[in-house]
Amino acid sequence: MKIAMIGTGYVGLVTGTCFADSGNDVVCVDIDEEKIAALKAGEIPIYEPGLSELVVRNSESGRLTFTTDLADGVSRSQIIYLAVGTPPAADGSADLTALRAVVDQMAPHLTDDAVVVTKSTVPVGTNQFIFERLQELLGREVDVASNPEFLKEGAAIDDFMKPDRVVVGVRRAEVAEILNELYRPFLRTDRPFLAMSPQSAELTKYVANALLSTKISFINEMANLCEQMGGDINDVRRGIGHDQRIGFAFLFPGVGYGGSCFPKDVRALASMARDLGLDPRIMDAVDSVNQHQKTVLVDKIKNYFEGDVTGKRIAVWGLAFKPRTDDIREAPALTLLDYLLENGAQPQVHDPEASENIRARYGNKLVYCESAMDALNGADALAINTEWKAYHNPDFDDMKNRMNGRVIFDGRNLYEPEQMLKKGFSYYSIGRPPALLEANLPSRA
Ligand code: UDX
C-alpha cells in the first residue's frame, strides 16, 4: 500500500518505518527541513533501540522516503497518517494547531480513494472535526479513521511489531478492512483487530493511559502508607498480585510517572471532562498524587540533611523518565535537580542516554559524569531516579571508597534494605522502612 506519514516525531517515525518494513511504500513528511535532511542521511533524531537500523534498512530498499513536500506525499498515497505533535496547551487540553493546519493544506491533494487516519493522541471528537472540515473544503465525504498508538518508549519497535491489540475507529466497514490488511503482518490470532466508532477509538487511548496512571498513583500512595505504618510495599505488592483480579503489572512504586503520555493524557482527559461540566475526581487525584510523588526523594534528602543541603555534593543516577530512553519530559529527576540547585547543593549526574537533554536544560550548573561511578566521587549522598540495568548490581565497595557520605536514596527500590546495611550504607527507598547505619539512627542524630 502507499502510505504518507505526516509528522516524523516519535510516533510517526516508528509507525512509518514499521509499515515500510512490512512491504509498504511509505513517504514520511515533515515541515522541519533539517530533520528531513538528517533522516535522508540516515541520522535518527531520537533514541529508540532498533529504530536506526530499521530506518537505514528500509531507506536503502527504497520503501521508506522522506520529504518536506506535503502535496507530493499526499497526492501519491492512499493512506494518509496524521502523526503531528499535539502538545498540551496551558489548560491541559491538547493543542491542535499543527493538526488543523495539516488538514487544510493536504485537503486539495487527497486522491478520491484516500483514507485519512489519525495516529496522534487527539481529543475525543477530533476525528469528527477532520471529517467535517474535509467535507467543507472538498464538498465530498472523505474516509477519516482513528488508530491510536500504544507504543512504549524504549520498546516501541517491539510494541509495534507485536501489538497486544490494534484499535481502529471507522465509519464504514470497508475502511476497517483496508486497515486490517495493513496490520495483518503484525497480528497473531490471539491479538485482536478491534474496529469501533471513531469516538470509542479516541477514548480507548485516553482510558488506557488513565488506568495505567491510576495504578501507578495508587501503588505510590499505598507505598507511602506502608512506609509510615512500618510495612514493606514489595511484600504487599506480592501479597496482592497473586490475586488474578489484581495482577502484578504496573504496580511498581517509584518517584512518579513522567514522559510524554501519562501526565499529558491524564490532564487532557480531565480537561475534556470539565469542558462537559463533569468533575473528573479520579483523574485529578491521580495527577495530584503523582505531583506529590515526584517530591518524595526531595523530602527524604531534606530530612536527612536537616533541611540544609548547601554545599552538599549529591550524586544523581538516572535522569530519563524511565530506562531505555533519552526522554526527560516530566521526569521526576527534574524535580530533584531543581530542588538541589535552588538550595545550593552540587548535583553530580549520570545517565546512559539522557545527559545531553539534561545539559540543554541545565547547562553548566551540573557536573556531568561519564560513568555512574565517577558521579560518586566525593559525594555526600546518592539519589537514584531511573532503574537503568547498569545500576542494578554496582560494586558497592568501590562506591563506598568513592563516596564521602554513606547514604543512598533509591527512588526505584533497586536494592534490599538489609543487604545495604550489611554493605555499609544507610538506605532510603520507596514504601519500605529505611535501613539506617548506627550513626544515622534518629536517637544519635
Ligand atoms: C506509555 C504507555 O505505556 C503506552 O502504552 C502509551 O502509548 C504511551 O505512554 P511510556 O510513556 O513510553 O508509555 O512509558 P511506560 O513504560 O508506560 O512508563 C511510564 C511511566 O510510568 C514511567 O515514568 C515509569 O517509570 C512509570 N511506571 C511504570 C511506574 O512508576 N511504575 C510502574 O509500575 C510502571
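Among the residues of segment 414-445, write down those that are open to solvent by 70 Å² or more (accessible area, probe 1.4 Å), part of a helix (DSSP H, G or I) and hydrophobic (A, V, I, L, M, F, W, C).
ALA439 - this is the single residue of segment 414-445 that is open to solvent by 70 Å² or more (accessible area, probe 1.4 Å), part of a helix (DSSP H, G or I) and hydrophobic (A, V, I, L, M, F, W, C).
Determine if segment 61-68 includes at least one residue that is more than 30 Å from GLU353 (Cβ to Cβ), open to solvent by 10 Å² or more (accessible area, probe 1.4 Å) and in a loop (DSSP other than H, G, I, E, B).
yes
Any chance segment 104-118 includes a residue that's over 18 Å from the mean Cα position of the chain (by Cα) and over 18 Å from SER77 (Cβ atoms)?
No, segment 104-118 contains no residue that is over 18 Å from the mean Cα position of the chain (by Cα) and over 18 Å from SER77 (Cβ atoms).
For GLY139, indicate whether it is touching a residue at least 24 places away in the same chain (Cβ under 8 Å) and on the phi > 0 side of the Ramachandran plot.
no
Say we look at segment 184-193 and pick out the residues that are open to solvent by 70 Å² or more (accessible area, probe 1.4 Å) and more than 19 Å from ASP25 (Cα to Cα); which of these is modelled with the lowest pLDDT?
Here the residue is THR189.
One residue is enough: does segment 248-271 have a residue meeting the conditions free of Cβ contacts under 8 Å to residues at least 60 places away in the same chain, in contact with a Pro (Cβ under 6 Å, 6 or more places away or on another chain) and not polar (S, T, N, Q)?
no
Which of the residues spanning segment 274-288 are of a type in the set (Asp, Glu) and within 19 Å of ASN220 (Cβ to Cβ)?
ASP284, ASP287
For every residue, the table says whether it meets (1) at pLDDT 95 or above; (2) crowded, with 16+ Cβ neighbours inside 10 Å; (3) within 26 Å of PRO88 (Cα to Cα).
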| site | (1), (2), (3) |
| --- | --- |
| THR214 | yes, yes, yes |
| ILE233 | yes, yes, no |
| ASP243 | yes, no, no |
| LEU251 | yes, yes, no |
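If I ask for residues that are farther than 11 Å from ASN209 by Cα and either part of a helix (DSSP H, G or I) or within 7 Å of the ligand (Cβ to nearest atom) (or both), which ones from segment 269-282 would you list?
Of everything in segment 269-282, those that are farther than 11 Å from ASN209 by Cα and either part of a helix (DSSP H, G or I) or within 7 Å of the ligand (Cβ to nearest atom) (or both) turn out to be ALA270, SER271, MET272, ALA273, ARG274, ASP275, ARG281, ILE282.
Give me a count of the residues in segment 201-255 that are touching a helix residue (DSSP H, G or I) at 6+ places or on another chain (Cβ under 9 Å) and not in a helix (DSSP H, G or I).
Total satisfying the criteria: 12.
Out of the residues in segment 256-268 that are in a helix (DSSP H, G or I) and open to solvent by less than 60 Å² (accessible area, probe 1.4 Å), which is nearest to the ligand (Cβ to nearest atom)?
The residue in question is PHE262.
Pull out all pairs, ordered by first then second residue, where Cβ-Cβ is under 7 Å, the residues are six or more apart or on different chains, the first lies in segment 211-224 and is charged (D, E, K, R), and the second is near the ligand (Cβ under 9 Å from one of its atoms).
As it stands, the answer is LYS215/PHE250; LYS215/LEU251, since those pairs meet every condition given.
In segment 386-413, which residues are surrounded by 18 or more Cβ atoms within 10 Å (Cβ to Cβ) and among the aliphatic types (A, V, I, L, M)?
MET399, MET403, VAL407, ILE408 - these are the residues of segment 386-413 that are surrounded by 18 or more Cβ atoms within 10 Å (Cβ to Cβ) and among the aliphatic types (A, V, I, L, M).
For residues that are among the β-branched types (Val, Ile, Thr) and open to solvent by less than 10 Å² (accessible area, probe 1.4 Å), scanning just segment 299-351, find the one that is nearest to ARG361 (Cα to Cα).
Taking the candidates together, the pick is VAL349.
Among all residue pairs at least 6 apart or on different chains, which show Cβ distances below 7 Å where the first residue, located in segment 108-136, is in contact (Cβ under 8 Å) with a residue 40 or more places away in the chain and the second is of a type in the set (Asp, Glu) and not in a helix (DSSP H, G or I)?
Hits for this filter: VAL115/ASP143; LYS119/GLU149.
Filter segment 283-307 down to the residues that are within 15 Å of ALA345 (Cα to Cα) and in a loop (DSSP other than H, G, I, E, B), then identify the one that is farthest from the chain's Cα centre (by Cα).
GLU306
Could you tell me how many of the residues in segment 31-83 are aromatic (Phe, Trp, Tyr) and either at pLDDT below 95 or over 18 Å from ILE6 (Cβ atoms) (or both)?
Adding up the residues that qualify gives 1.
Among the residues of segment 134-142, are any under 26 Å from ARG184 (Cα atoms) and charged (D, E, K, R)?
No, that holds for no residue.
Can you tell me which condition ALA435 does not meet? The list is (1) within 16 Å of the ligand (Cβ to nearest atom); (2) under 24 Å from ARG237 (Cβ atoms), and all the others hold.
It fails just one condition, (1).
Out of the residues in segment 368-385 that are buried (at least 19 other Cβ atoms within 10 Å of the Cβ) and not small (Gly, Ala, Ser), state the one that is farthest from the chain's Cα centre (by Cα).
In this case the residue turns out to be ASP380.
The values are calculated or read from the model by the stated rules, or taken from the named source; none is laboratory data. Quick caveat, the model's predicted, so the values are computed rather than measured. In this analysis, Cβ positions are derived from the backbone assuming ideal geometry, glycine residues included, and neighbour counts consider all displayed protein chains. Each accessible area value is taken on the protein alone, full model and side chains, heavy atoms only, with ligands, DNA and RNA left out. Shrake-Rupley method; radii C 1.70, N 1.55, O 1.52, S 1.80 Å.
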